[in-house]
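Peer 1: Can you keep this structure in mind? I'll have questions shortly.
The values are calculated or read from the model by the stated rules, or taken from the named source; none is laboratory data. All of these numbers come straight from a predicted model, not from anything done at the bench. For neighbour counting, all protein chains shown are included, and Cβ atoms are generated from backbone atoms with ideal geometry for every residue, glycine included. Side chains are part of the model used for accessible areas, which takes the heavy atoms of the whole protein and leaves out ligands, DNA and RNA. Shrake-Rupley method; radii C 1.70, N 1.55, O 1.52, S 1.80 Å.
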Amino acid sequence: MLKIGLTGNIGSGKTTVSKVFEVLGIPVFYADDAAKNVMVNDRQLITEIKSAFGDAAYFWDGTLNRKYISSIVFNNDKALAKLNSLVHPATFRAFDTWVKNTGNGVPYVLKEAALLFESDSYKMCDYTIMVTAPLEARIKRVEERDGLSRAEIEKREDHQFSEEKKMHLADFIIKNNDSQLVIPQVLALHDRIMSLGIGH
């Protein structure tokens, strides 16, 4: 079973693209959701986070003290890098388990991850897909969706590789803009993957 990574910078529409693949019967592993899950369920990771950031990283009931963690890593690139260095391997383990449990009845699976290239998790994938969109369109989407300010969005953007760099690294590109419809691109890419015999 082939593993294909899918990524895109903030506001690119990678989750929308993932949903189209799901309609086609392709299972999708959402790495960002998995990362949140392992931070409260992976015992090894919990121990590592407490060791790095203190017991206050978790409440008495085992839930993550997100406000506390955010206050440490916000505007502290070294602390953020440390947190990522702990969370990413745990997310990789979760992906491996998910793949084993997904079964062999599908031609391929997708791993949707914002930091696919930044975390080196693309190396666990056979191929990668990059979803692109114009910067202004991405900022507008995130402002409307998450209520973030432009400055907050640009700060998150700064923690990701540029679109240009990701496009250079990716095997396939899906353009999410006003001139090209996404669904036909996904269908064409799906057909291309299948016709190549990938995953058989």
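Peer 1: Has the stretch 35-46 got any residue that is open to solvent by 60 Å² or more (accessible area, probe 1.4 Å) and closer than 24 Å to GLU143 by Cβ?
Peer 2: yes
Peer 1: Right, here's the next one. So which residues in the stretch 160-200 are exposed (fewer than 12 other Cβ atoms within 10 Å of the Cβ), part of a loop (DSSP other than H, G, I, E, B) and acidic (Asp, Glu)?
Peer 2: Result: ASP178, single match.
Peer 1: Name the residues in the stretch 17-34 that are open to solvent by less than 20 Å² (accessible area, probe 1.4 Å) and either touching a helix residue (DSSP H, G or I) at 6+ places or on another chain (Cβ under 6 Å) or part of a helix (DSSP H, G or I) (or both), would you?
Peer 2: Listed by number, the residues that qualify are VAL17, SER18, PHE21, VAL28, PHE29, ALA31, ALA34.
Peer 1: Of everything in the stretch 113-139, what is of a type in the set (Ser, Thr, Tyr), farther than 15 Å from ALA31 by Cα and either without any contact (Cβ under 8 Å) to a residue 24 or more places away in the chain or open to solvent by less than 70 Å² (accessible area, probe 1.4 Å) (or both)? Give them in sequence order.
Peer 2: Answer for the stretch 113-139, where residues must be of a type in the set (Ser, Thr, Tyr), farther than 15 Å from ALA31 by Cα and either without any contact (Cβ under 8 Å) to a residue 24 or more places away in the chain or open to solvent by less than 70 Å² (accessible area, probe 1.4 Å) (or both): just THR132.
Peer 1: If GLU157 satisfies every condition in (1) of a type in the set (Asp, Glu); (2) closer than 16 Å to VAL17 by Cβ; (3) buried (at least 17 other Cβ atoms within 10 Å of the Cβ) but one, which is the exception?
Peer 2: Checking GLU157 against (1) of a type in the set (Asp, Glu); (2) closer than 16 Å to VAL17 by Cβ; (3) buried (at least 17 other Cβ atoms within 10 Å of the Cβ), the one that fails is (2).
Peer 1: Hey, among ALA52, ALA79, which residue is open to solvent by less than 20 Å² (accessible area, probe 1.4 Å) and more than 19 Å from the chain's Cα centre (by Cα)?
Peer 2: ALA79
Peer 1: Kindly establish whether GLY11 is part of a loop (DSSP other than H, G, I, E, B) and within 16 Å of the chain's Cα centre (by Cα).
Peer 2: It is true that GLY11 is part of a loop (DSSP other than H, G, I, E, B) and within 16 Å of the chain's Cα centre (by Cα).
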